[in-house]
Amino acid sequence: MAATNASAEAEARSILERAAESFPPLHAVHHLLSVGACVRCILRLLGAYNTACSCASLTSSVLHSFLEEHDDSIKGASCSCLSADDSYCSVCLGILLPIWHQDDGLEMPHNENISSMISRVVQKEGFQVDEFSLEISLPAVIAANERAFRLYMKQKFGNEDWFKDKMFPQQTMSAKEALRLLIVPSLEKQMNAKHGSSSFRIRLTYTHGDASQKLHSLLPNEHSHKRKPGSRNGSDTSNEAHKRNSTDANNKQISESDSFIYKTLESMHDQEFCNLIQLPPEKVSKPCHLVISCLRSPIYIGGRYLKLSRNVSQSCWIIDDERMGEASVEEIIGENVRAICRGDSCKFHAAGREDIDVRMLGSGRPFLVELLNVRSIPSEIEVQQIEDRINNSEKKYVRVRNLKLVGNEIWTMMREGEAEKQKQYAALIWTSRELAENDLHNISVTKDMEIVQKTPIRVLHRRSPLERKRIIHWMQIEKVTNGSNYYLLHLCTQAGTYIKEFVHGDLGRTHPSIGAILGCRAEILQLDVTDVKMDFLQ
């Protein structure tokens with residue numbers, strides 16, 4: 001252990017030796033250390049951070065020892081930069097010296113660095129990761145502290161020759177980028193995964209309520225951004241719901257406060273800034289609060305489904321707390337997909353829909369399952385397992401075909417194809433009189449007939465009262481063997497045609513209808529969709 005510590009300290013000293021080539025006079029560096037800036041903030045604001053970013057052993061005490069060795073004026077003097085209080089950097093609020101942080105109120109063990117903490121969270125959540133991207137959100141007060149630090153440097157050392165010659169680099173490294181360089185190399189090793197542009201994102205959200213609130217109160221027009229008091233009236237909620245709502249409200253307030261701070265600072269001149277903000281910024285006694293969250297972009301599994309029951313809806317259908325039908329296509333497919341991919345939730349999208357009492361046969365209806373924040377991306381074998389589980393279920397309500405993991409571009413293709421598709425149906429109908437051969441012939445020779453449909457009476461309570469023109473591309477009709485006045489009607493129509501209303505006329509709201517063409521009453525008894533013509537996962 002001693003050998004390891006000695007090696008780490010030697011590495012830190014080597015970094016400081018190289019960085020010292022671009023240092024200002026060492027008494028100035030020591031002064032920055034003594035007024036509360038951490039070693040990493042000093043290095044990055046002096047433009048010498050890149051070589052020091054990933055060295056965990058680079059501490060303020062190491063920098064002080066280095067300065068003592070190279071500047072006789074510092075040796076043996078009592079120094080506030082080595083005080084034993086629990087204060088944190090006056091610029092970055094301690095995020096660049098992550099000895100410990102908070103995550104949902106839990107302190108990080110002293111022997112655990114930030115990278116191992118992040119890795120532990122990813123493992124606990126059960127994510128399978130081979131690549132990741134790191135997102136960092138910092139409180140706006142850090143940007144204000146950086147500006148205050150630069151202006152303090154100008155006030156303190158502006159008349160010294162070295163400052164005039166050097167000045168500050170115009171593009172110094174931000175705290176966010178410095179933190180990224182500090183974390184990423186060790187996080188790649190911890191997780192055995194590469195950092196880059198990835199659909200799996202690790203987000204670090206740092207907040208510091210006390211420092212942000214104090215800064216907010218110093219800025220002009222603060223009164224217009226105060227939080228509105230919430231109403232104490234209303235129904236009682238559970239403790240968990242109350243905590244969740246409270247957290248969401250606090251996060252929203254912090255976000256709004258930071259936006260206001262950034263906007264105000266951008267429009268503020270240096271002189272006005274110096275009149276409002278303390279120079280140099282003071283240390284804080286509490287660390288930032290850190291929340292680590294993991295999120296994977298949605299993935300899509302697409303295919304075609306067949307619905308073989310007349311008592312299964314496409315989506316979960318509940319009226320007055322009572323389920324309609326035995327199950328739903330959405331639940332049967334979604335639950336099996338989620339079981340393999342372990343997502344937070346899923347959304348079911350289909351190219352159109354059929355009524356609960358209508359079967360979906362033939363090649364099936366195209367669909368997509370959008371899976372949110374999955375723990376693992378399924379392999380081809382696992383996708384086949386999903387298909388097998390659905391198709392081999394005890395209740396043969398639903399089957400799926402051509403199940404595949406697809407890109408999000410398929411979503412656009414499905415939506416575009418839905419508006420242009422044709423659909424074929426088989427309908428069992430009854431007529432009030434027996435049809436003659438001439439009647440059957442007249443229906444079968446009909447091609448590309450335009451009909452006008454008003455919104456059906458049965459859906460007027462949930463659909464706008466519109467008038468739509470639709471095309472009946474072709475029809476064929478045949479008499480049911482040994483059936484009096486029963487016929488099987490096959491037809492191909494434009495997407496969006498109401499087939500039931502086309503048969504019975506819907507009290508004249510669809511014209512012409514089968515009943516009107518035949519000059520008799522016509523009723524539909526059963527309906528099947530036999531084909532959805534779309535070039536989608538055929």
Fill in: Answer from 3, 28 - the residue that is in a helix (DSSP H, G or I), surrounded by fewer than 23 Cβ atoms within 10 Å (Cβ to Cβ) and at pLDDT below 70
3
Discussion item. Among the listed residues 174, 186, 115, identify the single one that is at pLDDT below 90, open to solvent by less than 10 Å² (accessible area, probe 1.4 Å), in the same structural domain as residue 96 (by the TED database) and not hydrophobic (A, V, I, L, M, F, W, C).
Written reply: 115
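Would you say residue 446 is at negative phi, more than 33 Å from the chain's Cα centre (by Cα) and among the hydroxyl-bearing types (Ser, Thr, Tyr)?
Working: at negative phi: yes; more than 33 Å from the chain's Cα centre (by Cα): yes; among the hydroxyl-bearing types (Ser, Thr, Tyr): yes.
Criteria met by residue 446.
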Worksheet entry | Residue match in region 464-485 (condition: in contact with a Pro (Cβ under 7 Å, 6 or more places away or on another chain), under 28 Å from residue 312 (Cα atoms) and not assigned by the TED database to the domain that holds residue 359) | no
Fill in: Residues satisfying the stated conditions in region 190-213, i.e. assigned to a helix (DSSP H, G or I) and touching a helix residue (DSSP H, G or I) at 6+ places or on another chain (Cβ under 8 Å)
190, 191, 209, 211, 212, 213
Worksheet entry | Cβ-Cβ under 8 Å pairs, at least 6 apart or on other chains, region 408-427 side within 18 Å of residue 364 (Cβ to Cβ), far side among the basic types (Lys, Arg) and at pLDDT 80 or above | 421/533; 422/533; 423/533; 424/533
Practice prompt. State which residue pairs qualify: first residue touching a residue at least 60 places away in the same chain (Cβ under 8 Å) and inside region 376-397, second residue open to solvent by less than 70 Å² (accessible area, probe 1.4 Å) and assigned to a loop (DSSP other than H, G, I, E, B) in any location, beta carbons under 6 Å apart, and separation of 6 or more residues or different chains.
Written response: 396/308; 397/309
Item to complete: Only residues in region 463-478 that are within 11 Å of residue 490 (Cα to Cα) count as the first member; pair them with residues that are among the aromatic types (Phe, Trp, Tyr) and open to solvent by less than 70 Å² (accessible area, probe 1.4 Å), Cβ under 6 angstrom, at least 6 apart or cross-chain, and list the lot.
Response: 477/487
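The rows are residues; the columns are (1) charged (D, E, K, R); (2) in a loop (DSSP other than H, G, I, E, B); (3) open to solvent by less than 10 Å² (accessible area, probe 1.4 Å).
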| site | (1), (2), (3) |
| --- | --- |
| 274 | no, no, no |
| 286 | yes, yes, no |
| 302 | no, no, yes |
| 353 | yes, yes, no |
Worksheet item: Restricting to helices (runs of 4 or more DSSP H) lying wholly in region 423-538: which have 2 or more residues that are of a type in the set (Val, Ile, Thr), open to solvent by less than 80 Å² (accessible area, probe 1.4 Å) and more than 30 Å from residue 407 (Cβ to Cβ)?
Response: 499-504, 514-518
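Look through 299, 277, 319 and report the one residue that is within 26 Å of residue 374 (Cβ to Cβ) and among the hydrophobic types (A, V, I, L, M, F, W, C). Let's see the steps before the verdict.
Working: 277 fails: within 26 Å of residue 374 (Cβ to Cβ); 319 fails: within 26 Å of residue 374 (Cβ to Cβ).
On inspection, the qualifying residue turns out to be 299.
When only residues in region 370-388 that are among the aliphatic types (A, V, I, L, M) and in a helix (DSSP H, G or I) count, which is surrounded by the fewest Cβ atoms within 10 Å (Cβ to Cβ)?
Here is the first cut: in region 370-388, the residues among the aliphatic types (A, V, I, L, M) are 371-372, 374, 377, 381, 383, 386.
Those still in the list that are in a helix (DSSP H, G or I) too: 381, 383, 386.
Numbers: 381: 7, 383: 18, 386: 22.
This residue is 381.
Here's the yes/no breakdown for (1) more than 19 Å from residue 90 (Cβ to Cβ); (2) modelled with pLDDT under 85; (3) assigned by the TED database to the domain that holds residue 134; (4) not in a loop (DSSP other than H, G, I, E, B):
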position: 215; (1), (2), (3), (4): no, no, yes, yes
position: 240; (1), (2), (3), (4): yes, yes, no, yes
position: 271; (1), (2), (3), (4): yes, no, yes, yes
position: 279; (1), (2), (3), (4): no, no, yes, no
position: 282; (1), (2), (3), (4): no, no, yes, no
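The values are calculated or read from the model by the stated rules, or taken from the named source; none is laboratory data. Keep in mind that what you see is a predicted model, and the values were worked out from it rather than measured. Every residue, glycine as well, gets a Cβ built from its backbone with ideal geometry; the counts of neighbours run over all protein chains shown. These accessible areas exclude ligands, DNA and RNA; they are computed on the full protein's heavy atoms, side chains included. Shrake-Rupley method; radii C 1.70, N 1.55, O 1.52, S 1.80 Å.
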